[in-house]
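Visitor: One structure, pasted below without further comment.
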Amino acid sequence: VQLQAYGGGLVQAGGSLKLSCAASGRTFGSLAMGWFRQAPGKEREFVTAINWSGGSTYYADSVKGRFTISRGYVQNTVFLQMNSLKPEDTAVYFCASVDGSTCPATPKFYNSWGQGTQVTVSS
């Protein structure tokens, strides 16, 4: 499966951004999808994930209540709505997919990755 993430940009603290990840190449509905982020000098970290049906979602504690993941089946796209952004949310955001019913929080379990989109939050 090929993934393409887009929608990043520069926003002031307290603002919002919506990221999108478009999937192609295989049946989107059978994939769990995740978002990860990586700040300079830091390891890639889990942000959120959603299962194949959209019925289960998971969030890192640092983004709970501020970020929302969803999926649009018609467009084969997964979205990440980010509200109340903080400077510490600044990172390159990656979408990823994994076969099966689980939504792992560890990057190594994901099969495919998008190219990443930069999110910068100014204070």
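The values are calculated or read from the model by the stated rules, or taken from the named source; none is laboratory data. As the structure is a prediction and not an experimental result, all values here were calculated from the model. Virtual Cβ from ideal backbone geometry, glycine too; neighbours counted across all protein chains shown. Ligands, DNA and RNA are stripped out before the accessible areas are found, and what is left, the full protein with its side chains, is counted by its heavy atoms. Shrake-Rupley method; radii C 1.70, N 1.55, O 1.52, S 1.80 Å.
Visitor: Mind listing the phi-derived Karplus ³J(HN,Hα) values for the stretch 108-123, rounded to whole Hz, using 6.51, -1.76 and 1.60 with θ = phi - 60°, and x for any glycine or proline?
Guide: For the stretch 108-123, the Karplus curve yields 5, 7, 8, 7, 10, 9, x, 7, x, 9, 7, 10, 10, 10, 8, 8 Hz.
Visitor: Got a number for the accessible area of ASP89? Probe 1.4 Å, square angstrom, nearest 10.
Guide: The accessible area of ASP89 comes to roughly 0 Å².
Visitor: Something else: Show the residues, 5+ positions off or on another chain, whose built amide H is closer than 5 Å to the amide H of GLN2.
Guide: Under 5 Å from the amide H of GLN2: SER24, GLY25, ARG26.
Visitor: Continuing with the same structure: Using a simple charge model, +1 on the beta-carbon of Lys and Arg, -1 on the beta-carbon of Asp and Glu, nothing else, what dipole does the chain show about its Cα centre, in debye to the nearest 20?
Guide: Details: 10 positive and 6 negative charges, 20 e Å.
About 100 debye.
Visitor: Just subtract the alpha-carbon distance of ALA13 and SER122 from 0.36 nm times their residue separation and send over the number in nm, one decimal.
Guide: 38.7 nm
Visitor: When the Karplus curve 6.51 cos²θ - 1.76 cosθ + 1.60 is applied with θ = phi - 60°, which whole-Hz ³J(HN,Hα) does each residue of the stretch 30-47 get, with x for Gly and Pro?
Guide: After applying 6.51 cos²θ - 1.76 cosθ + 1.60, I find 9, 10, 7, 10, x, 10, 10, 9, 9, 8, x, x, 10, 6, 5, 10, 5, 10 Hz.
Visitor: As an exercise, identify the trypsin sites (Lys or Arg not before Pro) in the stretch 29-123 lying in DSSP coil whose Cβ has no more than 12 other Cβ atoms within 10 Å.
Guide: Sites meeting the loop and neighbour criteria: LYS42, LYS64.
Visitor: Another question, if that's okay. May I ask you to derive the FRET efficiency for ASN111 and ARG66 from their Cβ-Cβ distance with R0 = 25 Å, giving the value to the nearest 0.05? Mind showing how you got there, number by number?
Guide: Values: r = 28 Å, r/R0 = 1.11.
After rounding, the FRET efficiency stands at 0.35.
Visitor: What ranking do 109-122, 2-15 get when scored by the average of other Cβ atoms within 10 Å per residue, highest first?
Guide: 109-122, 2-15
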